[in-house]
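Trainee: Below are the structure tokens for one structure; questions will follow.
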Amino acid sequence: MTDGLPMTVPASGLPSRVRIHEVGARDGLQNEKATVPTEVKAEFIHRLADAGLTTIEATSFVHPKWVPQLADAEDLFPLLGDLDGVELPVLVPNARGLDRALALGARRIAVFGSATESFARANLNRSVDESLAMFAPVVARARAEGVHVRGYLSMCFGDPWEGAVPVAQVVRTAKSLLDLGCDELSLGDTIGVATPGHVAALLTGLAERGVAAGAVGVHFHDTYGQALANTLVALQHGVTTVDASAGGLGGCPYAKSATGNLATEDLVWMLDGLGVETGVDLGRLTATSVWLAGRLGRPSPSRTVRALAPDQAQSPEE
């Protein structure tokens, strides 16, 4: 990495620190055509932790039929027990998924809903209201067990079947998820169509309904190259949690127009330049993405990884 770059030039109106919610090991790998070996996933997560990431979404306790790439959740999660000080959230779709997660000692779980009827049907085979009803006992039990609950809300800015999604519709569903008892909410731009003004309007709408920015995270996909711009606007509105995926991995198996997530390296480069603390070592993170690219057999789509490691060695022995 070039010494002294990026040059730190702080901007006003930004938080002093941002918590990165790393989703590469779950949201990234679930979209791979080939199944990544369990031991590679475990090493990937350990390398992410070594780079300074303290919230790493580990896996998903969905039925293997729906996401076969994550069918090894029971084998993977015990391999992560030595990661002291690292939060390891896992996705659970229903009560059965919660049972599986709790049996392995998970202390942070996430449920995943939709702001649109079409995606709720595609992803959960339920309407939005039916999905919320399914989540209610899951969230209640998790809270009773002292487990932290995150609520994902997909299609907050656009839907491949329905097109534009009204801000009021998203606010209503987001508030319903929080009212169930979720500790935090992640707003998903699942197909990457958000623009900065749209992000500002949604966050303003949530604030008007009493949703504090501290309870909100943002999850942008970079389909149209807007993820960093959208993130900056979210930070200016008080958001301090940003989802990102090492190397820009990911998409959504139920929305074919969804491309990769905001790359964690691209996010860290921007935040380093703004003087916003993340605790993440960009060099180690980049090396981790290069290492994983070697195992996936292709270069990372992250612009920062490509700039810092243009040759991206692909040997599995590295």
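The values are calculated or read from the model by the stated rules, or taken from the named source; none is laboratory data. The shown structure was predicted, so the numbers you read here are calculated from the model rather than taken from an experiment. Every residue, glycine among them, receives a Cβ derived from its backbone with ideal geometry; neighbour counts consider all protein chains shown. For the accessible areas, the whole protein counts, side chains as well, though only heavy atoms, and no ligand, DNA or RNA atoms are used. Shrake-Rupley method; radii C 1.70, N 1.55, O 1.52, S 1.80 Å.
Trainee: So the check is Cβ under 7 Å with 6+ separation or different chains; which pairs have a first residue in the stretch 42-66 that's acidic (Asp, Glu) and a second one that's assigned to a loop (DSSP other than H, G, I, E, B) and buried (at least 17 other Cβ atoms within 10 Å of the Cβ)?
Mentor: From the stretch 42-66, the pairs are Glu57/Val23; Glu57/Pro89.
Trainee: Starting from the stretch 277-298, take each residue that is within 10 Å of Ala51 (Cβ to Cβ) and list its partners that are open to solvent by 20 Å² or more (accessible area, probe 1.4 Å) and of a type outside the set (Gly, Ala, Ser), counting only C-beta distances under 6 angstrom and pairs at least six apart or across chains.
Mentor: Listed by first residue and then by second, the contacts come to Gly283/Met1; Thr286/Leu308; Thr288/Arg47.
Trainee: State whether the residues of the stretch 107-118 include one that is farther than 18 Å from Ser60 by Cα and surrounded by fewer than 23 Cβ atoms within 10 Å (Cβ to Cβ).
Mentor: If we filter the stretch 107-118 for residues that are farther than 18 Å from Ser60 by Cα, which is where we start, we get 115-118.
Narrowing the set further to residues that are surrounded by fewer than 23 Cβ atoms within 10 Å (Cβ to Cβ) leaves 117-118.
Yes.
Trainee: Please verify whether the stretch 146-169 includes one or more residues that are touching a strand residue (DSSP E or B) at 6+ places or on another chain (Cβ under 8 Å) and acidic (Asp, Glu). Steps first, please.
Mentor: Filtering the stretch 146-169 down to residues touching a strand residue (DSSP E or B) at 6+ places or on another chain (Cβ under 8 Å) leaves 147-158, 165.
Subsequent filtering for residues that are acidic (Asp, Glu) retains none.
For the stretch 146-169, residues touching a strand residue (DSSP E or B) at 6+ places or on another chain (Cβ under 8 Å) and acidic (Asp, Glu): absent.
Trainee: Among the residues of the stretch 175-195, write down those that are free of Cβ contacts under 8 Å to residues at least 40 places away in the same chain and of a type in the set (Val, Ile, Thr).
Mentor: Val193, Thr195
Trainee: Does Glu87 fit the bill of being open to solvent by 60 Å² or more (accessible area, probe 1.4 Å) and over 16 Å from the mean Cα position of the chain (by Cα)? Spell out how you get there, then give the answer.
Mentor: Working: open to solvent by 60 Å² or more (accessible area, probe 1.4 Å): yes; over 16 Å from the mean Cα position of the chain (by Cα): no.
When the stated conditions are applied, Glu87 does not pass them.
Trainee: If you don't mind, there's one more thing I want to ask. Just give me the residues in the stretch 145-165 being at positive phi and open to solvent by 50 Å² or more (accessible area, probe 1.4 Å), in sequence order.
Mentor: Gly146
Trainee: Is one or more of the residues making up the stretch 44-64 crowded, with 24+ Cβ neighbours inside 10 Å and among the basic types (Lys, Arg)?
Mentor: No, that holds for no residue.
Trainee: Of all residues in the stretch 166-211, which are open to solvent by 50 Å² or more (accessible area, probe 1.4 Å) and assigned to a helix (DSSP H, G or I)?
Mentor: Correct list: Ala168, Arg172, Asp179, Gly197, Thr204, Ala207, Glu208.
Trainee: On to the next question. Of the residues that sit in the stretch 212-232 and are open to solvent by less than 50 Å² (accessible area, probe 1.4 Å) and more than 19 Å from Met155 (Cβ to Cβ), which one is nearest to the chain's Cα centre (by Cα)?
Mentor: Ala215
Trainee: Exactly one of these conditions fails for Ala142: (1) closer than 19 Å to Gly181 by Cβ; (2) in contact (Cβ under 8 Å) with a residue 12 or more places away in the chain; (3) open to solvent by 10 Å² or more (accessible area, probe 1.4 Å). Give me its number.
Mentor: For Ala142, the exception is condition (3).
Trainee: Same structure again: Restricting attention to the stretch 239-253, which residues are assigned to a loop (DSSP other than H, G, I, E, B) and either buried (at least 23 other Cβ atoms within 10 Å of the Cβ) or at pLDDT below 95 (or both)? So that I can check it myself, show each step before the final result.
Mentor: Applying the first criterion (assigned to a loop (DSSP other than H, G, I, E, B)) to the stretch 239-253 yields 239-240, 249-253.
Result: Leu249, Gly250, Gly251, Cys252, Pro253.
Trainee: Quick check, is Val23 under 28 Å from Gly113 (Cβ atoms), in contact with a Ser or Thr (Cβ under 6 Å, 6 or more places away or on another chain) and either buried (at least 17 other Cβ atoms within 10 Å of the Cβ) or not charged (D, E, K, R) (or both)? Steps first, please.
Mentor: On the way: under 28 Å from Gly113 (Cβ atoms): yes; in contact with a Ser or Thr (Cβ under 6 Å, 6 or more places away or on another chain): yes; either buried (at least 17 other Cβ atoms within 10 Å of the Cβ) or not charged (D, E, K, R) (or both): yes.
Yes: the conditions hold for Val23.
Trainee: Residues in the stretch 65-84 that are surrounded by fewer than 17 Cβ atoms within 10 Å (Cβ to Cβ), over 23 Å from Ile20 (Cβ atoms) and modelled with pLDDT of 95 or more: how many?
Mentor: Just the residues of the stretch 65-84 that are surrounded by fewer than 17 Cβ atoms within 10 Å (Cβ to Cβ), to begin with: 65-66, 68, 74-75, 78, 81-82, 84.
Pick out the ones that are also over 23 Å from Ile20 (Cβ atoms) and you get 65-66, 68, 74-75, 78.
Next cut, modelled with pLDDT of 95 or more only: 74-75, 78.
Number satisfying all stated conditions: 3.
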